[in-house]
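J.: Structure provided below as structure tokens; questions to follow.
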Amino acid sequence: MKEKNLRILVYITGFICLIAFIAIRNFPLMNALLSDKMDRETKDFETYGDLYYSNNINHFKVDLPKRIRKYRLSEKNPAVNDADILTFGDSFFDFSFQKTFPERLSDTLNQKVYSFVTQDPVLSNPFCVLNQASYPLLDKPKIVIFETVERNIPIKFTSTYDISCRRNEFKKSLYNEIHAFIFKPNSEQLYSLLLKRGHFIHNIYSAIVTLRFDWFGYISPMTAKYKMQKDPWLFYEKEFCNEPGGFYYKYSDQELNNIADNIFRLQENLKEKYNLDLIFMPIPNKYSLYHKMINNDQYNNFLPLLYAELDKRGVRYINLYREFSSARDTLYYGTDTHWNKKGLDKALNLMLNEMYSDSSLAVIREKKSHNDNPDNN
């Protein structure tokens, strides 16, 4: 009898493992097994802030506005060759609890604004899309906006972007495809996701980590700095760490110069190859702005120091840190790494002010003047 029960247990375990093996390779099945559903196009969760999903503690389960379809995936996003303005960014330009920055810019200016978003700061070179589209050297300049969050700047600008994208393409073969299917690169993260957010065990897991937090104060190192009074706040480990991009990291003059030089070279290369005028838009880390909610630690002043170096090189940028740090309104979500609508509004207004002041944007100013004139409406 014991042997029979053991055999049944082995069969059940094997079946569960088989389902898990298939699920992480099949999105519809994976999504069906999760308590919170991911967006089919973007694989994002749709209900709570991204930092809540890092610890699953019930106290940080705060509803955010309903997601809307991402602009870059919609029919409104023009082909890169047809666009009046080009935008390249990370998740701040793709955050879909509200209309994204590129879509708001397009609506405000009544211009075709192209949006390209990269999530991996190490592997992704967004400017390869220009080479792939055989983007021409323009007769008249156009603006390209390059946005990146503060924590990713040292990663993205350790070297100069290769806008010609001279690289060896990965050769597809039947062997490579089979190998990638069996040994899925991110399988560990996906298995962990199933364990934490699966239908049958999520509530149990969430209750355990919440109890562990209440009794022992333990929270995931990824969100180890937090505030519980009134509305809960979480901060992301990569923003408060002592590594490049983090709040406590001390940059040498050489590091700052290298980053600024590479941003300057990107500006020069885009101008020379395509006649594109760069506007660099670094977005402050949430912890850089709101760390005083939990301590009085000294900011390493990375963004102001970088601005000073960019000024020396004549690089155009948007000084969000100055405006955001002096704002009376809260500009970021408490349980998410991203800005809220007020933060986006302020960033958009600063960008528009910079664009309207540019003598090369006479067409945009004329269109705005035309739209603002009541006689034309």
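The values are calculated or read from the model by the stated rules, or taken from the named source; none is laboratory data. These numbers were taken from a predicted model, which means no experiment stands behind them. Cβ atoms come from the backbone with ideal geometry, glycine included; neighbour counts cover every protein chain shown. Note: areas computed on protein heavy atoms with side chains; ligands, DNA, RNA excluded. Shrake-Rupley method; radii C 1.70, N 1.55, O 1.52, S 1.80 Å.
J.: May I have the extent of the alpha carbons of the chain along their three principal axes, as whole Å values ordered from largest to smallest?
T.: 86, 55, 52
J.: Work the Kirkwood hydrodynamic radius out for segment 227-275: mean of 1/r over every pair of different alpha-carbon atoms, inverted, in Å.
T.: It is 13.8 Å.
J.: So which cysteines in the chain don't have a second cysteine's C-beta under 4.7 Å from them?
T.: Unpaired cysteines in the chain: C17, C241.
J.: A further question on this structure: With each run of n ≥ 4 DSSP H residues scored as -39500 (n - 2.57), what mean residue ellipticity at 222 nm is computed for the chain after dividing by its residue count and rounding to the nearest 500 deg cm²/dmol?
T.: So the calculated ellipticity at 222 nm is -12500 deg cm²/dmol.
J.: Largest first and in whole Å, what are the equivalent-ellipsoid semi-axes of segment 271-322 based on the Cα gyration tensor, each being the root of 5 times an eigenvalue?
T.: 29, 12, 6
J.: Additional query: Students often forget the sequence filter, so: which aspartates and glutamates lie under 13 Å Cα-Cα from K140 once same-chain residues fewer than 8 apart are removed?
T.: Partners found: D84, E272, D277.
J.: With every protein chain kept in the model, how would you rank M281, M222 by accessible area, 1.4 Å probe, largest at the top?
T.: My answer, sorted largest first, is M222, M281.
J.: Helix 362-372 sits at what angle to the longest principal axis of the chain, using alpha carbons and giving 0 to 90 degrees rounded to 10?
T.: Tilt relative to the chain: about 80 degrees.
J.: Quick one: with all protein chains in place, what share of the accessible area of segment 255-344 is carbon or sulfur, to the nearest percent (1.4 Å probe)?
T.: Taking all protein chains in place, segment 255-344 shows 42 percent carbon and sulfur surface.
J.: Give me the compactness ratio for segment 72-128, meaning the Cα radius of gyration over 2.2 N^0.38 Å.
T.: Relative to the rule-of-thumb radius for its length, segment 72-128 sits at 1.09.
J.: Something else about it: Could you report the chain's accessible area per residue, 1.4 Å probe, as an integer in Å²?
T.: Per residue, the chain has 54 Å² of solvent-accessible surface.
J.: For a quick check of your reading of the filter: which trypsin sites (Lys or Arg not before Pro) in segment 215-247 sit in a DSSP loop and have no more than 11 other Cβ atoms within 10 Å?
T.: Hits after loop and neighbour filter: K230.
J.: Hey, what angle do you get for helix 253-274 against the long axis of the chain, alpha-carbon based, 0 to 90 degrees rounded to 10?
T.: So the helix axis and the longest Cα principal axis differ by about 70 degrees.
J.: Quick one: net charge around T210, please, counting Lys, Arg +1 and Asp, Glu -1 for every other residue with C-beta under 15 Å from its C-beta.
T.: It works out to a net charge of +3.
J.: Now for a separate question. Net charge near D345: determine it from the other residues with C-beta under 10 Å of the C-beta of D345, scoring Lys and Arg +1 and Asp and Glu -1.
T.: Once all neighbours under 10 Å are counted, the net charge is +3.
J.: What does the charge count around T100 come to, taking other residues whose C-beta lies under 12 Å from its C-beta (Lys +1, Arg +1, Asp -1, Glu -1)?
T.: With Lys, Arg at +1 and Asp, Glu at -1, the net is +3.
J.: Scan segment 61-156 for GluC sites (Glu not before Pro) in coil per DSSP, keeping those whose Cβ has at most 10 other Cβ atoms within 10 Å, and list them by number.
T.: E75
J.: Another question, if that's okay. Within segment 127-166, list the trypsin sites (Lys or Arg not before Pro) lying in a DSSP loop whose Cβ has at most 12 other Cβ atoms in a 10 Å radius.
T.: Filter output for segment 127-166: R166.
J.: Helix 202-216: angle to the longest alpha-carbon principal axis of the chain, degrees 0 to 90, nearest 10?
T.: The two axes meet at around 80 degrees.
J.: Rg and Dmax in Å for segment 1-159, alpha carbons only: what are they?
T.: In order Rg, Dmax, the Cα atoms of segment 1-159 give 21.8, 84 Å.
J.: OK, next. Kirkwood Rh over alpha-carbon pairs of segment 230-344, then Stokes-Einstein at 25 °C and 0.890 mPa s: what D in µm² s⁻¹, rounded to an integer?
T.: Here the translational diffusion coefficient equals 158 µm²/s.
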